[in-house]
Every structure is written in C-alpha cells, then in structure tokens.
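K.L.:
Below: one structure in structure tokens.
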Amino acid sequence: QVQLVESGGGVVQPGGSLRLSCVASGFTFSHYIMNWYRQVPGKGRELVAMISRYGNSNYAASVKGRFTISRDNAKNTVDLQMNSLKPEDTAVYYCHAPLSPPAWGQGTQVTVSS
C-alpha cells in the first residue's frame, strides 16, 4: 500500500538548520509531483514547497530563499532543507503525494525556539 514516512524533525534555535526526509513506497514515485506542507494548531495545512517529476520547484513566499526541496527518483525520497529557521516555522511538517486519494505522511514536528 501507499506509504510516506517522514523523518528529521526536532528542536533548533532561530537561525539554525534542519533537513527533513520523506521515503515513499507503494506507487510510481517518479511519476508524481511531491509536496511538503506544514500545519500549526488551529490552522489549516499550508503548502511550503513542491517539486515536479523533473525537479522544478516552487515555494511559499514565507520560505523562499531559505528552504530547498529536492528529490531522488532512484531512492523514492523527497527532502526539505530548511535554513535560517525562524520561530514562525514551528509546525508539524507533512510529506504529500497528489494521488487519488491523496497520500500523507504521519508528520514530523519542527520547533524553532531559543
């Protein structure tokens, strides 16, 4: 069955970096756009970054220039490198594949705090 498993979250000080990873299985990974979303309590999920099958990427304005999404179609992985982290980046981060129905990972907590 379809599975998305995230890892790499944690606690980091403002200005620090984290790298999130998502391993996908159960579908033809290389055929799909892949996304990273985030969610804070009481709010809906926000699209942070997306990457096409061919590696073209787009970012939310709030993270542009600080976050980088990448994928390895041979390993079925999609990563999110997060630099210059701010307290407002604190959220649960989810890996997402636009399948039918959509596939979501279990989420990984990122906390930016001094």
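K.L.:
What is the one condition in (1) over 27 Å from Gln1 (Cβ atoms); (2) among the polar types (S, T, N, Q); (3) over 14 Å from the mean Cα position of the chain (by Cα) that Asn73 does not satisfy?
P.N.:
The one condition Asn73 does not meet is (1).
K.L.:
Given (1) open to solvent by 40 Å² or more (accessible area, probe 1.4 Å); (2) more than 14 Å from Ala97 (Cα to Cα), where does Gln1 come up short, assuming only one miss?
P.N.:
It is condition (2) that Gln1 fails.
K.L.:
Being charged (D, E, K, R) and either over 14 Å from Gly8 (Cβ atoms) or part of a loop (DSSP other than H, G, I, E, B) (or both) is the filter here, so list the residues in the stretch 75-96 that pass it.
P.N.:
Answer for the stretch 75-96, where residues must be charged (D, E, K, R) and either over 14 Å from Gly8 (Cβ atoms) or part of a loop (DSSP other than H, G, I, E, B) (or both): Lys75, Lys86, Glu88.
K.L.:
Being farther than 17 Å from Pro98 by Cα, exposed (fewer than 13 other Cβ atoms within 10 Å of the Cβ) and not acidic (Asp, Glu) is the requirement here; does Val11 meet it?
P.N.:
When the stated conditions are applied, Val11 passes them.
K.L.:
Restrict the check to the stretch 78-86 and report whether at least one residue is among the charged types (D, E, K, R) and over 11 Å from the mean Cα position of the chain (by Cα).
P.N.:
yes
K.L.:
Considering only residues of the stretch 71-114 that are among the acidic types (Asp, Glu) and without any contact (Cβ under 8 Å) to a residue 60 or more places away in the chain, which is surrounded by the most Cβ atoms within 10 Å (Cβ to Cβ)?
P.N.:
Asp89
K.L.:
Going through Ile51, Ile33 one at a time, which residue ends up being open to solvent by 50 Å² or more (accessible area, probe 1.4 Å), at negative phi and in contact with a Ser or Thr (Cβ under 8 Å, 6 or more places away or on another chain)?
P.N.:
From the options Ile51, Ile33, the qualifying one is Ile33.
K.L.:
Out of curiosity, is Thr68 of a type outside the set (D, E, K, R), over 11 Å from the mean Cα position of the chain (by Cα), surrounded by 14 or more Cβ atoms within 10 Å (Cβ to Cβ) and part of a strand (DSSP E or B)?
P.N.:
In short, no.
K.L.:
Starting from the stretch 34-57, take each residue that is under 25 Å from Asn73 (Cβ atoms) and small (Gly, Ala, Ser) and list its partners that are modelled with pLDDT of 95 or more and not in a strand (DSSP E or B), counting only C-beta distances under 6 angstrom and pairs at least six apart or across chains.
P.N.:
Qualifying pairs under 6 Å: Ser52/Ile33.
K.L.:
Moving on. Check whether at least one residue in the stretch 3-12 is over 19 Å from Ala74 (Cβ atoms), assigned to a loop (DSSP other than H, G, I, E, B), at pLDDT 95 or above and of a type outside the set (Gly, Ala, Ser), and report yes or no.
P.N.:
Checking the stretch 3-12: not a single residue is over 19 Å from Ala74 (Cβ atoms), assigned to a loop (DSSP other than H, G, I, E, B), at pLDDT 95 or above and of a type outside the set (Gly, Ala, Ser).
The values are calculated or read from the model by the stated rules, or taken from the named source; none is laboratory data. All values reported here derive from a predicted model rather than from experimental measurement. Cβ atoms come from the backbone with ideal geometry, glycine included; neighbour counts cover every protein chain shown. Calculation scope for accessible area: heavy atoms of the full protein, side chains included, ligands and nucleic acids excluded. Shrake-Rupley method; radii C 1.70, N 1.55, O 1.52, S 1.80 Å.
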